């Protein structure tokens with residue numbers, strides 16, 4: 001599936017959803033998204049994660065485990081608010097589209 005602006009918004013909501021449940025890292029998120037039909041490259045996902053962080057919706061921390069260095073992301077209070085608002089709008093839209 002081609003990642004365009006329309007699907008980019010779905011992916012951002014998906015990322016926020018998982019960051020609410022637990023800390024995530026990019027490689028895991030790519031696998032999770034692929035399970036839902038979104039094939040996203042690191043060159044698309046990591047800039048998206050940086051953008052979400054710059055907007056204050058997620059925060060990150062680095063963790064080194066031997067040679068493996070990962071950046072973990074979690075949702076911020078601003079991100080929680082944005083996600084809650086997006087869920088309300090999605091429910092409303094889905095209800096209208098599927099009637």
- Message: Looking at region 20-62 only, could you name the residues that are within 12 Å of residue 79 (Cα to Cα) and touching a helix residue (DSSP H, G or I) at 6+ places or on another chain (Cβ under 7 Å)?
- Response: 20, 52, 56, 57, 58, 59
- Sole exception among (1) buried (at least 16 other Cβ atoms within 10 Å of the Cβ); (2) touching a helix residue (DSSP H, G or I) at 6+ places or on another chain (Cβ under 7 Å) for residue 80, by number: (1)
- Query: Across region 1-17, which residue is modelled with the lowest pLDDT among those that are within 15 Å of residue 76 (Cβ to Cβ) and surrounded by 18 or more Cβ atoms within 10 Å (Cβ to Cβ)?
  - Reply: 12
- Query: When region 24-38 is examined, which residues are found to be within 20 Å of residue 70 (Cα to Cα) and crowded, with 17+ Cβ neighbours inside 10 Å?
  - Reply: 24, 26, 29, 30, 33
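Scanning region 60-70 for residues that are more than 14 Å from the chain's Cα centre (by Cα) and surrounded by 10 or more Cβ atoms within 10 Å (Cβ to Cβ), which turns out farthest from residue 14 (Cα to Cα)? Steps first, answer last, please.
Residues of region 60-70 more than 14 Å from the chain's Cα centre (by Cα): 61-70.
Cutting the leftovers down to surrounded by 10 or more Cβ atoms within 10 Å (Cβ to Cβ) gives us 61, 63, 70.
On the way: 61: 20, 63: 23, 70: 20 Å.
Among residues in region 60-70 that are more than 14 Å from the chain's Cα centre (by Cα) and surrounded by 10 or more Cβ atoms within 10 Å (Cβ to Cβ), the one farthest from residue 14 (Cα to Cα) is 63.
The values are calculated or read from the model by the stated rules, or taken from the named source; none is laboratory data. The structure displayed is predicted, hence computed values, not measured ones. Using ideal geometry, Cβ is built from the backbone for each residue, glycine included, and neighbour counts are taken over all protein chains shown.
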